[in-house]
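Have a look at the structure below, then the notes.
None of the figures in this text is laboratory data; all of them are computed from the coordinates on show. Computed from a predicted model, the values in this text were never measured in an experiment. As a convention, Cβ positions derive from the backbone with ideal geometry for all residues, glycine included, and neighbour counts pool all protein chains shown.
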């Protein structure tokens, strides 16, 4: 069961990597093909498409950075919190040597 879950995760990770690579190569290809186009000014559809792809790739890069940084930050927080936690002595009636009979 555990191997099946791990295999599925690897498959999804590979699929996501391939899709990201395909998107990146498409963006680079369109940028190189259309670099010498005759721009019609502020409303140029090609320039707007290139800017949208640039913004999308930037957002995806920031998302991947955040997804990579959050677990590291949480691990540092847990490590710091574990170091601050002092072991408390047990506060049970037995440890306090309380007599329970009359």
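Working from Cα positions, state the angle (0 to 90°, nearest 10) between the long axis of helix 45-84 and the longest principal axis of the chain. Approximately 10 degrees, to the nearest ten. Global dimensions of the chain from alpha-carbon coordinates: Rg and Dmax equal 28.2, 100 Å.
So what's the angle, to the nearest 10 degrees on a 0 to 90 scale, between helix 2-33 and the longest Cα principal axis of the chain? Once rounded, the angle reads 30 degrees. With a Förster radius of 22 Å applied to the beta-carbon distance between residue 75 and residue 17, the computed FRET efficiency rounds to 0.40.
Extending 7 Å from Cα along the Cβ direction at residue 54 and again at residue 24 yields two label points whose distance is 1.9 nm.
Summarising the label geometry, the points placed 7 Å from Cα in the beta-carbon direction at residue 39 and residue 9 lie 4.6 nm from one another.
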